[in-house]
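Scroll down for the structure; my scribbles are underneath it.
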Amino acid sequence: MTRRARRVLWAFGAGVTCHAAFVAGVAAMAVGLFTGMRSGLGRLHGLGTLVADGALIAQFPLLHSWLLGSAGRARLAALLPDEFGADLVPTVFATVSSLQMLAAFELWSPSGVVLWRVTGSAFWIACGVFAAGWLLLARSMVDAGLGLQSGAAGWLAVLRGRRVAYPAMPTRGTFRHVRQPMYLAYAVLLWAGPVLTLDKLALACAWTAYCVLGPLHKEARSRRRWGARWEAYRRAVPYMLPRLRPRRT
C-alpha cells in the first residue's frame, strides 16, 4: 500500500467513525435529557445502579478534561501513525467524546423516580427552552469552528495531505457575549425539558459543576496561547452569564 493510499484510508476511516459516533452521541443525549434519563438501556438495581450510574457521570468530565490537556493529546497522537497522527487528534478526540456521551446516556440504569413532569402550556415552554439550548449549542460550535468541534478538521487535513488549520481565537457571534457559550448551552440543556427525574437531577448537578469549573483549565491554555489578546478579551467579556446591560467603556 502506498503512503497516499494509507493516508486516504486512515482519513476516511477516522472520518466515518467520528461522524457516526457524533450523530449517535448527540441523538442519545437529546433523547436522554428530554425524557429525564428514562431512555437508558441499563437494568441494574440497588447499589449496582449507584455505582454504575456514578461511574457514567464521572467518566465524561474526567477523561474529557485529561484529553483536552497536552498529556492527553500526546497520548492520542501516540496511538496513531507517526506521519499524520498529530493531525488526526481532533478527529479522534471528537470520536472519544461522542462515545463517552453515547455511553453515559445509553448505558444509564433509570431509577424510575420522577420528581416532576410539566403538562399543558408549561410543557411547550419547557420544550422551547430545550430547543433554545440546542440552537445555542449549534451556533456556538459554528462560532468556535465547526470543523474542529465536529472532528472534521483532522481527517480532512490528513486526506488533503496538509496540517490541521486551527481556528483563530473566537471572539464573534456567541463569543461576543460570553467566553464559554458552549458550556452555557450544555448547562441549559441539562436543566431544560419537560421531565425532571432523580437521575437527571444527579447528572445535571454534577455536569453543571463541570460546565462551570472545567473551562477554567481551557482558559489557562488560552492565556498561554494568545497572551495579551486573550487577557483583553477576558476583561471585556463575561465568563458564562451575559451582561444584561452593555459594558460601559
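Values computed for the structure shown
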item	result
CD proxy at 222 nm, helix term only [per DSSP H run n ≥ 4: -39500 (n - 2.57); per residue of the chain; nearest 500]	-23500 deg cm²/dmol
Net charge over other residues, Cβ less than 15 angstrom from the Cβ of Ser65 (K, R count +1; D, E count -1)	+3
Positive-end extreme of charge dipole, the chain - chosen from Leu159, Phe12, Trp230 (charges on Cβ)	Trp230
Dipole of region 3-236, positive end: most advanced residue of Pro90, Ala206, Ala104 [Cβ charges, Cα centre]	Pro90
Amide H contacts of Thr197 (H built 1.01 Å from N, under 5 Å, at least 5 apart or other chain)	Leu115
Around Arg117: net Lys/Arg minus Asp/Glu count, Cβ-Cβ under 15 Å	+1
Gaussian network model of the chain, Cα within-10 Å springs - most flexible of Phe12, Phe22, Phe93	Phe12
Alpha carbon centroid spacing (whole Å) that separates region 5-24 from region 168-228	27 Å
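Since every read-out is calculated from the coordinates, none of them should be taken as a lab result. No experiment lies behind these values; they were computed from the predicted model shown. Methodologically, a virtual Cβ is constructed for each residue, glycine included, from the backbone with ideal geometry; neighbour enumeration extends over all protein chains shown.
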